[in-house]
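Note sheet for the following structure.
Every number here is computed from the coordinates shown, using simple stated rules; none is lab data. Note that the coordinates shown come from a computational prediction; the quantities given were computed from them, not determined experimentally. In this analysis, Cβ positions are derived from the backbone assuming ideal geometry, glycine residues included, and neighbour counts consider all displayed protein chains.
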Amino acid sequence: MRHLLSALLFAASVGVCRAAPPADPLASPMWTDMVERLFGGGNVVFDDAVKVVVPSIVEDQAQVPVTADARAIAGAVKVVVFADLNPIQHVLTLTPGTAAAYVSFRMKVEQGTPIRAAVLTKDGVWHVGGVFLDAAGGGCSAPAKGRGTESWSTTLGETQGRIWHQADGWARVRLRIRHPMDTGLALDNTPAYFIERLSLHSDSSAPLAELDLYQPVSEDPMLTFLVRLPEGSTGVDVQGRDTNGLEYRARIPANEERGSLRRSDGGAP
């Protein structure tokens, strides 16, 4: 009897862990697969507090502006942005640290698709918000425009950044990094090559934010974060690495002057 009870309890626990995800309001055929692959079958709820903002009209499928805003979610520890119907669905993952659960960027889309942000909170629940992006195709399979210039490798890693101090105590940090962000899907057979990691630090302290990037992030990424700088902070340090092992360093001063980022000695591109 004891063994039977244990078996029933085990079966019940497995059933809870593998419970079907909630019905998708965007009716994506990939939703169940996305839940399993990105959340490991964890507890998922749809939450209007997770905002995803995209344009109503897409003019360039290789440079689609997206904002994921989860500032209304308490205890956010991770933000995952993904596009269900892209050939490469995972776009980026933000680990906020002391920064806000907020990121603005540009991405490539191959066709009309749901664009979602999933926010993991400290209690282990994924809060998901999203919208359907109506767009024509081809953004992921188009070659990087910068590849057509002979100078692309000499400007690789160069970036400008700026910090704006807001009245609410947050500081808006914006970066633009020169990089082809190749998907590996272009007809010219260029292999995948992209910035895979960025982190923001204040005066060499613990990270304000960490960002894992994937191929759908647009060429020459433009990224915006919201951070709280410690009192007396003189700026933000940026560290990065791409899939060829090249490392990047930047210093963005806090007085709204433009900072610059260049490739460090990480090897030839």
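Computed values, structure above
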{"read-out": "Beta bridges per DSSP with both ends in the chain, % antiparallel, nearest 5", "value": "95 percent"}
{"read-out": "Neighbour-count order for 121, 183, 98, fewest beta carbons within 10 angstrom listed first", "value": "98, 121, 183"}
{"read-out": "Estimated dipole of the chain in Debye, rounded to 20 [Cβ of Lys and Arg +1, of Asp and Glu -1, Cα centre]", "value": "420 debye"}
{"read-out": "Excluding exposed DSSP-loop GluC sites (Glu not before Pro) (at most 12 other C-beta within 10 Å), longest clean stretch of the chain", "value": "60-149"}
{"read-out": "Label zone at residue 255 (point 7 Å along Cα-to-Cβ), backbone N below 12 Å, segment 202-240", "value": "234-235"}
{"read-out": "The chain - Rg over Rh from alpha carbon coordinates, Kirkwood radius", "value": "1.02"}
{"read-out": "³J(HN,Hα), Karplus 6.51/-1.76/1.60, whole Hz, each residue of segment 30-36, x for Gly, Pro", "value": "9, 4, 4, 5, 4, 4, 5"}
{"read-out": "Candidate aspartates and glutamates - alpha carbon under 12 Å from residue 122, same-chain residues fewer than 8 apart omitted", "value": "none"}
{"read-out": "Residue order, fewest to most surrounding Cβ atoms within 10 angstrom, among 57, 252", "value": "57, 252"}
{"read-out": "Rough spin-label spacing in nm, given labels placed 7 Å along Cα→Cβ, for residue 136 and residue 172", "value": "3.1 nm"}
{"read-out": "Longest site-free stretch - the chain; sites: trypsin sites (Lys or Arg not before Pro), DSSP loop, at most 11 other Cβ within 10 Å", "value": "123-257"}
{"read-out": "Three-way shape label, segment 95-201, alpha-carbon gyration tensor, a/c 1.5", "value": "oblate"}
